[in-house]
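The values are calculated or read from the model by the stated rules, or taken from the named source; none is laboratory data. Being a predicted model, the structure only gives us computed values, none of them experimental. When we count neighbours, we look across all protein chains shown, and the Cβ atoms used for this are built from the backbone with ideal geometry, even at glycine.
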Amino acid sequence: MVVISTKCRSGGFAKAVGLRVLSTPHGLGYAKVVIVVDETVDPFDLNQVMWAIATKFNPADDLVVLPNMSVVPLDPSSNPKGIAHKMIIDATTPVAPDVRGHYLQPLDTPLGTDLWEAKFREMLNVRA
C-alpha cells in the first residue's frame, strides 16, 4: 500500500497521480492500493489518512479499480501468480471542475474537544 499527499491542481488530478504511481517500476510490482490525500494530510499519520478517507472518499466517484495488473509473483493474493487487481482511493478535496460534495471544513479539532477530553480524563481518574 502507498499513501501519497499531493496538492490537487485540477479535477481528476489525484486519480492521475495514483495511475502514475502504479506505472512506475516499484508501483507496478509492489503497490496494490494507492491512497491519495491532500497536502494538508500527513501521509505518515494513519489517523489523518483514515480521517481523509472517512470524510472525503465517496466510493461511487473516488475509487478506481484496475483489474488483472502485474504484481510480484510472491504476492499471496495474486491469481494467477503475478496478476492481481489494484485500486486507487482518491481521498482529496474535489477541485474545479470537479465540485462534488460539501467540503468546507479543513482538518481541525472540533469545537469542545478540549472540554470533552478533560471530562473523560477526570472520569478515568475517578475510576482508577
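Numbers at a glance
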| item | result |
| --- | --- |
| Scope the stretch 72-100; condition among the β-branched types (Val, Ile, Thr), crowded, with 17+ Cβ neighbours inside 10 Å and at pLDDT 90 or above; matching residues | ILE88, ILE89, THR92 |
| Near pairs, Cβ below 8 angstrom, 6+ apart or cross-chain, from the stretch 98-121 (closer than 30 Å to ALA16 by Cβ) to any residue that is at pLDDT 85 or above and basic (Lys, Arg) | GLY101/LYS56; TYR103/LYS56 |
